[in-house]
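This report concerns only the one structure given below.
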């Protein structure tokens, strides 16, 4: 179905060295399959960078070139990027245009760092959920998409698809969102059914938390240092 009489949606997907690519693929697929969308892959320059895990890519639009956005998407980034002044100043500038803000997984820390979670309901991955109140947010467990006005947060992987489909429905109507969901055949079928702590059980959850404790702790502390210094 081709849509007529719409101004192109301006959708930006924030990337940087080490960004978790799985957090961004859902939005890229959903908005990339939608007619009349200008999709901007955003970084401070157009040099080749490496996303995580081991995917080379380059921005199509720099922060300085970026127009006011209708949708800004962000995912988990390495610890030092959670206090990167170029990234955080860009998010703050774009937020003044009242876009839909989509933060997937640890991307919520970027919103927290610039004060955009204060007084809002939000979620993230289970490793970071208890950190959200440090940024003034009301943490919502479970990892499913949480919408608070034009702010959408979600857990990793499938959360990016689901948040993007919700935003698309809000901006282009439910029919267009359903058409895209069908076109990409979005129909998750978990292999082991252990994708949440509740389903995984205490031991597997403990192992995962121990494995990533230092990583996510460093990410939280970096974002928190920026937030408190504002």
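The values are calculated or read from the model by the stated rules, or taken from the named source; none is laboratory data. In this text the structure is predicted, and so the values were computed from the model without any measurement. Methodologically, a virtual Cβ is constructed for each residue, glycine included, from the backbone with ideal geometry; neighbour enumeration extends over all protein chains shown.
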Scanning region 88-145 for residues that are on the phi > 0 side of the Ramachandran plot and touching a residue at least 60 places away in the same chain (Cβ under 8 Å), the one surrounded by the fewest Cβ atoms within 10 Å (Cβ to Cβ) turns out to be 115
Residue count, region 51-81, condition buried (at least 16 other Cβ atoms within 10 Å of the Cβ) and free of Cβ contacts under 8 Å to residues at least 12 places away in the same chain, comes to 0
Reported set for region 146-160 where residues are touching a residue at least 60 places away in the same chain (Cβ under 8 Å) and in contact with a strand residue (DSSP E or B) (Cβ under 9 Å, 6 or more places away or on another chain) is 156, 157, 159, 160
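Each row is one residue, and each column tells you yes or no for (1) at pLDDT 95 or above; (2) more than 28 Å from residue 136 (Cα to Cα); (3) in a loop (DSSP other than H, G, I, E, B).
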| site | (1), (2), (3) |
| --- | --- |
| 28 | yes, yes, no |
| 39 | yes, yes, no |
| 77 | yes, no, yes |
| 91 | yes, no, no |
| 106 | yes, no, no |
For region 220-230 the number of residues that are outside any helix (DSSP H, G or I) and surrounded by 14 or more Cβ atoms within 10 Å (Cβ to Cβ) is 0
Next on the checklist: Please determine whether any residue of region 172-192 is surrounded by 19 or more Cβ atoms within 10 Å (Cβ to Cβ) and touching a strand residue (DSSP E or B) at 6+ places or on another chain (Cβ under 9 Å).
Outcome noted: yes
* To do: Kindly check whether there is at least one residue in region 206-218 that is in contact (Cβ under 8 Å) with a residue 24 or more places away in the chain, crowded, with 18+ Cβ neighbours inside 10 Å and in contact with a helix residue (DSSP H, G or I) (Cβ under 6 Å, 6 or more places away or on another chain).
  => no
